[in-house]
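Reading through the structure tokens given below for one structure.
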Amino acid sequence: MKMILYAFSFIFIVSGVCMILYTNETRNVFRQLIQVGFKALAVMAGVVGLLLLVASSASHYPGFLRVVGILSIVEAVLLFINPRDIMDKIYGWFLEQASDQTFRASGIITVIFGTALISWIV
């Protein structure tokens, strides 16, 4: 279980740093991920959510990780159903219209979450 949390921490920190330092390149990578299709992203988000739910017991704050896991599963359902093309609009705004400062701020939040996750591992 700890290895799952360490892997997620590493992924969050690396992706957050890339969002901060390489804003345009990271947006291009995210655009390519979206071109794979929302169904594939839904499966990936669902697996991440389930892994967070399972691995949350190896953390000092399992309740918080369970909430994050549930939110990931909710995102997976929204990606799969995509009512009124809401996910198209959300991802379109984030990748096309959001300013670089907004994208970098989300990268900072991602780095903080990854760092906190490492510190919470029992």
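Each reported figure results from applying straightforward, stated rules to the coordinates on display, with no laboratory input. The shown structure was predicted, so the numbers you read here are calculated from the model rather than taken from an experiment. Neighbour counts run over all protein chains shown; Cβ positions are idealised from the backbone, glycine included.
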- Note on the structure: Those residues of the stretch 25-43 that are in a helix (DSSP H, G or I) and free of Cβ contacts under 8 Å to residues at least 24 places away in the same chain come to a total of 8
- Taking the options LEU71, LEU53, LEU79, name whichever one is at negative phi, in a helix (DSSP H, G or I), surrounded by 14 or more Cβ atoms within 10 Å (Cβ to Cβ) and under 14 Å from the mean Cα position of the chain (by Cα). LEU79
- Taking LEU65, is it part of a helix (DSSP H, G or I), within 16 Å of ILE11 (Cα to Cα) and not basic (Lys, Arg)? yes
- Note on the structure: Output for Cβ contacts, cut-off 7 Å, separation at least six or different chains, first residue over 13 Å from LEU65 (Cα atoms) in the stretch 101-122, second in a helix (DSSP H, G or I) and basic (Lys, Arg), reads PHE103/ARG27
